[in-house]
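The values are calculated or read from the model by the stated rules, or taken from the named source; none is laboratory data. Quantities reported herein were computed from a predicted structural model and do not represent experimental measurements. Because the Cβ atoms are built from the backbone with ideal geometry, glycine has one as well, and the counts that use them run over all protein chains shown. Keep in mind that these areas ignore ligands, DNA and RNA; they rest on the heavy atoms of the full protein, side chains included. Shrake-Rupley method; radii C 1.70, N 1.55, O 1.52, S 1.80 Å.
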Amino acid sequence: MAKPLSILFVSSEVVPFAKTGGLADVSAALPQVIREMGHDIRIIMPKFAAVSDRKFKIHDIKRLTDMPVKLGDRTILGSVKSSFLTNIKTKVQVYFLSNEELYCRSDLYVDPKTKEAWPDNDDRFIFFCRGVIRTMLLLGWKPDIIHLNDWQSALIAALIKTEYADEPLFKNTRIVFTVHNAAYQGIFPAESFEKTGLPAKTFKSEGLEFHGDMNLLKAGLMYADQITTVSPTYAKEIRGSKDYGYGLEGVFKKKARKTVGLLNGMDNAVWSPEVDKLIPATYSADTLEKKQENKKALCEHFKLPYDPAVPVIGIVSRLADQKGFDLIKEKLVDLMKLDLQIVVLGSGEKKYEDLFSKAAKKYKKKIGAHIGFDDELAHLIEAGSDMFLMPSKYEPCGLNQMYSLRYGTLPIVRATGGLADTVEDLTAKPKSGTGFVFTDYKSKQMLDTIKRAVEAFKDEKTWQAAMKRAMKKDFSWDASAKKYIELYKKLLKKK
Ligand code: ADP
């Protein structure tokens, strides 16, 4: 085999250590597949409170204890600890940058009391980025590729291309920056810029400046050698309009030639009905009748009457505007008139938490809601529901529709981002369809599509054929991981 690559994968969340969304799943699954392909890939993330030393067998790295890191005119100490991802035969090393004061908090990015971002998120993630570089220098480990993810690690691109431009360790290093969600940009007041340590000349519109503020996502977009997003459709959408680019559409357009959309994969070891340890009854495309046991358990969990003839629609999501909950809000009363049941698992914006809690009290036999984060229940919902609803306003890739397909739980989606790239409409394409798709972000379209799905559910034969087709779709990481490796190699060949 050709020479293995060395890759540093930088992410603010990694399953099982800390997670708020899909980024954490990607940050565990992709490196593990790349490791299995024989490359030396290591991960680094902040050591949040959830990252327990005991639970994850984390140990100190002596020579990386109390490492001084500059943050503006202060010097702050950080220590690097280490553990492994062990789901595969060959382990993946994970480094954790620790600083009690900055990271040991109940939530990753948001103060649960105020529901606002932690006021010192600039310090927390500037320190993280500078700390990652310090760690590399002290380890003396020369990565061929540094793969950054989202605004929390984006600053590293700018630092390496400016302050560390002459650093021999990074002489041949190429930087890949993946945008998992362009709406989250890490915008801070101009005064925060000084803390980055970057040369003043980088605070301009061709650099980190954004309408007078500092935009950390831009640090990645402007300085990385390669930009990727997590689905081909999303790559096009973010340069097309403000609805998707959130003010950076112009930058995305300028960087179009440097950008590619690579569809995320999913972790089949964790999300497969054949082997899922978290569901009452495992099943496959050949034993679909066993899915009913999960449906029964799901109804019991939510104290809903169980009826095989009534479709259960599942929702597992961050309760954020992005996910299309205003459409559901508008049509909730109409939905409750249909012959269906809805189960919701999610947490996030209060208006949606209230919406579903209240609805569950009002429509006791039709809707169940669990406000919170619960991995086990997420698995039960995927396994026990008949359909899965994702009417997203935008969806960079989306994992839940892929999980749903694997579990034979037909997705009802809006055709945006990764949803458009993974689900085919059953009515339009009865022979190849795997779900139900609508195009305009309008509540009536969503309602009509749900009605269509409820109607289609009555035709058991066609429905089961679609379930089987959906379950056979291959969204494993192998194909996407190979594309990342090709991309890394292409970059390394470029001068
Ligand atoms: P996003 O990253 O935008 O939140 P994705 O669909 O890409 O959306 O990934 C969401 C991931 O988070 C999935 O693995 C999903 O199961 C999980 N998830 C979201 N909300 C919850 C919750 N309340 N409880 C358990 N898992 C959740």
Can you give me the long-range amide H partners of Lys366? Hydrogens built in the peptide plane at 1.01 Å from N, cutoff under 5 Å, separation of 5 or more residues or another chain. none
Viscosity 1.306 mPa s, 10 °C: Kirkwood-radius Stokes-Einstein D of the chain over Cα pairs, µm²/s: 68
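Around Thr449, under 12 Å between beta carbons, what's the net of Lys plus Arg minus Asp minus Glu among the other residues?
+2
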Interchain or long-range residues, amide H under 5 Å from Phe438's placed H: Val413, Arg414, Ala415
Would you work out the relative contact order for the chain, in percent, from Cα pairs under 8 angstrom that are 6 or more residues apart? 12
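Using a 1.4 angstrom probe, figure out how much accessible area region 270-385 has per residue, in square angstrom, rounded to the nearest whole.
Computed with neighbouring chains in place, this is 45 Å² per residue.
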Determine the relative contact order of region 288-474: mean sequence separation of Cα pairs under 8 Å and six or more apart, normalised by residue count, in whole percent. 21
Where both partners of a DSSP beta bridge lie in the chain, what percent of those bridges are antiparallel, to the nearest 5? 30
Inter-centroid distance (Cα atoms) of region 273-296 relative to region 242-268, Å: 36
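Which of the peptides 165-172, 353-360 is most tightly packed, and how do the rest follow, judged by the mean count of other Cβ atoms within 10 Å per residue? It would help to have the intermediate numbers written out before the result.
Values: 165-172: 11.9, 353-360: 17.9.
The densest-packed peptide leads the list: 353-360, 165-172.
Nothing charged except the Cβ atoms of Lys and Arg (+1) and of Asp and Glu (-1): what's the magnitude of the dipole of the chain about its Cα centre? Round to the nearest 20 debye. Show your work: numbers first, answer last.
Values: 78 positive and 63 negative charges, 190 e Å.
So the dipole magnitude of the chain works out to roughly 920 debye.
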In order through region 180-192: 3J(HN,Hα) via Karplus (6.51 cos²θ - 1.76 cosθ + 1.60), integer Hz, x for Gly, Pro: 8, 6, 6, 7, 9, 10, x, 9, 9, x, 3, 4, 5
Under a no-solvent Debye model with one identical scatterer per Cα of region 138-231, what's log10 I(q)/I(0) at q = 0.11, 0.12, 0.15, 0.26 Å⁻¹? -0.30, -0.35, -0.55, -1.35
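What number, in percent, do you get for the relative contact order of region 288-354 if the mean sequence gap of Cα pairs under 8 Å and at least 6 apart is divided by its residue count? Walk me through the numbers on the way to the answer.
Values: 52 pairs, mean separation 25.4, N = 67.
The value is 38 percent.
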Estimated inter-spin distance, Asp307 and Glu209, nm [label 7 Å along Cα→Cβ]: 6.4
Three principal axis lengths of region 288-474 [C-alpha, angstrom, descending]: 40, 34, 30
